[in-house]
Structures are given as structure tokens and as C-alpha cells.
Amino acid sequence: MERREAYGFSAVMSGAFLLSCLLFAAINRHQRGPYMDEVFHVPQAQAYCHGRFLQWDPMITTLPGLYLASVGVVKPAAWLFGWTGSVVCSAAMLRFINLLFSAGNFYLLYLLLYKIHQKNKAVSGFQRIMSALTLAMFPTLYFFTFLYYTDPGSVFFTLFAYLMCLYGNHKTSALLGFCGFMFRQTNIVWTVFCAGNVVAEKLNEAWKTELQKKKDEKISSRKGSFSDLIRILRFLIEYLISLKNLVTLTVLTWPYIILVIVFFGFVFVNGGIVVGDRSSHEACLHFPQLFYFLSFTGFFSFPHLLTPIKIRKFLLSLRKHPVQYSLIAVISLFLIWKFTYIHKYLLADNRHYTFYVWRKIFQRHELVKYVLVPVYMFAGWTFADALKSKSIFWNLMYFVCLLAATVPQKLLEFRYFILPFLIYRLNIPFPSLYRQLLELAFYIVVNAVTFYLFLNKTFQWPNSDEIQRFMW
């Protein structure tokens, strides 16, 4: 990092943290007590603060990583500054832990952008800083910076694990992956993704060697013709059935393999992935979740994906490959017909944006979910087109992890899309500065509207005196 870029990054990060602190103070003035899931998280952390580590609220579904990390920060700080009484482990103090995680996420996003795009000399330091700021303010993640939820810490340890993986520190990466797993069990998927990065890199090297041997200039790991796909699949099978290759991959990825074994051991002992209340978190094959994620990504990446050039390229592709797209459309319609699930929380809780998305769009008519298939297809095409600079093996690993992270979830919840979105956004090519600034401005507007609604547009349920607020 050049000195000028370092100074610029420090200034932007400090300014963003200061503004976040001011917003944090305003939110805590309006909402002093625990809200929504904080009703479970805050008392559990306070029990840990008082040394009651065997006490557990059965309504909590995640492992105690958030509470252990909070006690590890708050207790030394209380001793150092002489804090006593109710201020120690208060709701505001616990929420501040997420503000620290948010600052860490900003730094990690910058380092990841620097590492992933280090070969692109056309990218300026200012662009890297702006992209890091934009992603740190990603609305769904940024909102939960100010509440005591698992998301900022979960993202912090997962991004840190990904960064260490890219630098080849796989033991450290696996350890950080374990910390992420302690925040949210489904983060094991992104540990597998880190291992997949290593595997994809070796596969890509072997594939290039294979091409050089055959001296076949027409074959490319980035082209999408059917014959190329068959040849790549044949190569993949031949590579993975080789004992020598399997030993090589095992030696490279053994820290991640150990963590995956620990995960399966936990699932066996626990009787499932979810800790506590399992009735509301049942796994299922909810394939339309992938379509929702693609739409979500298209919405938040519209400055990069929704351009006249992209639309023209999609229409040309549609005209060139009508049979393939017709087949994709038929499969999509079938998946929507047979695998659409509606969680009871989605229909009952009018505090979440997803409640209104479902009611205003999907519940207008039974056919709406089918009519949206062309939108899903365009979103999927632009999504794949943005990642075409990555090798086909990297794309395969990411797609498998994306399916594993989204499809088993019955509840439509935007928080589940945070990590797959960030990893996608980190790996697409840098857009023009104009599009970056447009994306940042869009995120600022969305955040401003979200916080305005949360703070000022409160309401009450008929049978309750508690103040309710709109949120993600």
C-alpha cells in the first residue's frame, strides 16, 4: 500500500467509524432495551458476563461465539476503565461490540480487494478505498451493526478466513473458520469454499497443462460450449479419481478437512445443525431461494449488472441459444412449482421488509412467481457474466457453496444472502469509478431510508403495548 493510499484509507475509515458512532448513539437513545432477536441474545450474553456459562436459552439457534467474544472484550475493558454496575454488558455495550466488528470488516474488505485484484494495475487506490467503503455500508449488513446480532461477527471471521486462505495460511484460515462456525453453523459452507479455492487453483493449473499438452487452442476453461463442458467434466473426473492427486489435495487442505469432520461430529452429537429451537428452522430443498438471491444481487449490484450493454448481450445470447434458455426456463418453472415453501414467520411478522416484498409482489396473484422467471434468468445470466473472469473451477466451487448456503433455508431472510453476496462482489472485475460512486450513493440512500423508518415510523400491534419498528 502506497503512503498516499494508506493515508486516504485511514481518513475514510476513521470518518466512516465516526459517523457510525453518531448513528449508534441515536439508535441507542431511541431503542434502549433489547429489540427483536436481541431479546434472546442480550440476556444470554449477560448470563455469560456473570459467569453463568451453563445457562442457555433454548430459543437461541446458534452457537455461543457471539457471547464468548463479547465477554472477552467487555470484561477486560471494564477492568481497565473501572466500569461497574449495569453499564457492564448492558444492551448498548454489547451492541458496541458489533460496531468494532464492522470496523474490522471494513479493513478486511479493503485487504481482500487489494489481494484479489492485485494483478489489475488499472485499479487505483481511490477505487479500492471506495469499493471497501461501499461494501462496508452494504445495507443488509450495515443495519445489523447497530443491534446485537450475530451477522457482523460472523462476516468478520469468515472474511478473515478467506483472506488467510488467499495468502496460503490455511491453518490460520481453518481456525478463523471455526470462529465463524461458532457464530453461525452455516458458515461451515464458506470454510469448504476456502478449501475449494485451493482445489480450484490446482485444477486450473492441471487443466492448463492438459491444454498445453494437446496444443488445442480452441479449448478454454472460460468458454461455455457444450463440447468444452463435456471435456472439462471428463478431465475433472479423471483428475479426482487419481490417488496421487487426491493425496496432494488432502495435504493442501487438511486443516479444512479437520474442521469439516468436527462439524459432522457436532451434527451427530447435537442431532442436527440447529441449536435450540428447531421447529422454526427446518431444512428443506427450497430451490427458489437461489432465484431470490439472484434477484437480491441484481438489485444491489444494478450499477454493474443492469446496463444497456448487458441487456443487449443477454438478448443476443437469448437469440443465439433459444433451446438452452427454453430448457432453463422449464426447469425453473418446475422448481418453483414443486419446491416453493412459505415460512410462517414470512407471513406473520410485519416488521421485516421480506413481509412486504412477499405480500406486495408474490401474493398479488398465484401466477406472479412464474411470471418472474425471465427476471430470474436475466439476473442469473448477468451474475454469471460478471464472474466470467474467474476460472470455471472457481465458479463451480462457488456455485456449489452458494446452493448449500441458500437452498436448505425455508425462511426468506435477506441476512442469509450477506456472505454469498460479499464474496461475489469481491470477485467481480472493478467497474468504472462512475458506477462505483453510483453504487455507494445507492447504498447511502437505502441506509438512510432504513434508519429513518426504524427510528421514526414506529407502530404497535393490537394486543401489545411494545413499540415495533421496521427492519431488514
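The values are calculated or read from the model by the stated rules, or taken from the named source; none is laboratory data. What you see is a predicted model; the values in this text were computed from it and never measured. Glycine also receives a Cβ, built like all others from the backbone with ideal geometry; neighbour counts cover every protein chain displayed. The protein model used for the area step is the full one, side chains on, heavy atoms only, and it has no ligands, DNA or RNA in it. Shrake-Rupley method; radii C 1.70, N 1.55, O 1.52, S 1.80 Å.
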Just the residues that are charged (D, E, K, R) and without any contact (Cβ under 8 Å) to a residue 12 or more places away in the chain, please, taken from the range 50-63. Arg52
Can you find a residue that is buried (at least 17 other Cβ atoms within 10 Å of the Cβ), in contact with an Asp or Glu (Cβ under 7 Å, 6 or more places away or on another chain) and modelled with pLDDT of 95 or more anywhere in the range 401-410? no
Could you figure out which of (1) touching a residue at least 60 places away in the same chain (Cβ under 8 Å); (2) out of contact with any Pro (no Cβ under 8 Å at 6 or more places or on another chain) isn't true of Ser332? (1)
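Can you list the helices (runs of 4 or more DSSP H) lying wholly within the range 105-215 that have 1 or more residues being without any contact (Cβ under 8 Å) to a residue 12 or more places away in the chain?
Details: elements: 125-136, 139-143, 151-166, 170-183, 188-214.
Filter on the range 105-215 gives 170-183, 188-214.
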May I ask you to list the residues in the range 75-133 that are of a type in the set (Val, Ile, Thr) and over 20 Å from Tyr162 (Cβ atoms)? Thr84, Val87, Val88, Ile97
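Suppose we keep only residues that are hydrophobic (A, V, I, L, M, F, W, C) and open to solvent by 10 Å² or more (accessible area, probe 1.4 Å) within the range 413-426. Which one would you say is nearest to Ser279 (Cα to Cα)?
The first filter runs over the range 413-426 and keeps only residues hydrophobic (A, V, I, L, M, F, W, C), leaving 414, 417-419, 421-423, 426.
Next cut, open to solvent by 10 Å² or more (accessible area, probe 1.4 Å) only: 414, 419.
Values: Phe414: 20, Leu419: 25 Å.
Looking at the filtered set, the residue picked out is Phe414.
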Evaluation of Phe178 against (1) modelled with pLDDT under 90; (2) open to solvent by 30 Å² or more (accessible area, probe 1.4 Å) (one fails), failing number: (1)
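If you check Leu99 against the conditions, is it in a helix (DSSP H, G or I) and under 17 Å from Arg435 (Cα atoms)? Lay out the reasoning, then the answer.
Working: in a helix (DSSP H, G or I): yes; under 17 Å from Arg435 (Cα atoms): no.
Taking the combined requirement at face value, the residue does not satisfy it.
Condition check ((1) part of a helix (DSSP H, G or I); (2) open to solvent by 40 Å² or more (accessible area, probe 1.4 Å); (3) modelled with pLDDT of 95 or more) across all residues:
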{"residue": "Val323", "(1), (2), (3)": "yes, yes, no"}
{"residue": "Ile331", "(1), (2), (3)": "yes, yes, yes"}
{"residue": "Phe334", "(1), (2), (3)": "yes, yes, yes"}
{"residue": "Leu346", "(1), (2), (3)": "yes, no, no"}
{"residue": "Tyr370", "(1), (2), (3)": "yes, yes, yes"}
{"residue": "Asp385", "(1), (2), (3)": "yes, no, no"}
{"residue": "Leu396", "(1), (2), (3)": "yes, yes, no"}
Which ones in the range 447-472 are surrounded by fewer than 11 Cβ atoms within 10 Å (Cβ to Cβ) and either among the hydroxyl-bearing types (Ser, Thr, Tyr) or in contact with a helix residue (DSSP H, G or I) (Cβ under 6 Å, 6 or more places away or on another chain) (or both)? Ser464
From the option list Ala69, Ala26, Ala47, single residue qualifying as open to solvent by less than 40 Å² (accessible area, probe 1.4 Å) and without any contact (Cβ under 8 Å) to a residue 40 or more places away in the chain is Ala47
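State yes or no: is Ser10 in a helix (DSSP H, G or I) and open to solvent by less than 20 Å² (accessible area, probe 1.4 Å)?
On the way: in a helix (DSSP H, G or I): yes; open to solvent by less than 20 Å² (accessible area, probe 1.4 Å): no.
Here the answer is no, as Ser10 does not meet what is asked.
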Need the failing condition index for His352 against (1) at pLDDT 95 or above; (2) over 29 Å from Leu318 (Cβ atoms), just the number. (1)
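One residue is enough: does the range 253-271 have a residue meeting the conditions in a loop (DSSP other than H, G, I, E, B) and in contact with a Leu (Cβ under 7 Å, 6 or more places away or on another chain)? Steps first, please.
Just the residues of the range 253-271 that are in a loop (DSSP other than H, G, I, E, B), to begin with: 271.
So of that shortlist, the ones also in contact with a Leu (Cβ under 7 Å, 6 or more places away or on another chain) come out as none.
No.
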Which residue is surrounded by the most Cβ atoms within 10 Å (Cβ to Cβ), if the candidates are limited to the range 50-66 and must be of a type in the set (S, T, N, Q) and in contact with a Lys or Arg (Cβ under 9 Å, 6 or more places away or on another chain)? Thr62
Candidate set: the range 119-140, residues that are modelled with pLDDT under 90 and aliphatic (A, V, I, L, M); chosen: the one nearest to Tyr416 (Cα to Cα): Val123
Look through Phe314, Phe302, Phe291, Phe296 and report the one residue that is open to solvent by 30 Å² or more (accessible area, probe 1.4 Å), touching a residue at least 60 places away in the same chain (Cβ under 8 Å) and more than 28 Å from Ala174 (Cα to Cα). Phe302
Please state which of the following conditions Cys89 fails to meet, knowing it meets all the rest: (1) within 16 Å of Tyr148 (Cα to Cα); (2) at pLDDT below 95; (3) not in a loop (DSSP other than H, G, I, E, B). (3)
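Is it true that Tyr149 is of a type in the set (Ser, Thr, Tyr) and open to solvent by less than 30 Å² (accessible area, probe 1.4 Å)?
On the way: of a type in the set (Ser, Thr, Tyr): yes; open to solvent by less than 30 Å² (accessible area, probe 1.4 Å): yes.
It is true that Tyr149 is of a type in the set (Ser, Thr, Tyr) and open to solvent by less than 30 Å² (accessible area, probe 1.4 Å).
For Val39, state whether it is open to solvent by 20 Å² or more (accessible area, probe 1.4 Å), part of a helix (DSSP H, G or I) and closer than 19 Å to Ser280 by Cβ. Please lay out each step first, then the result.
Numbers: open to solvent by 20 Å² or more (accessible area, probe 1.4 Å): yes; part of a helix (DSSP H, G or I): yes; closer than 19 Å to Ser280 by Cβ: yes.
Criteria met by Val39.
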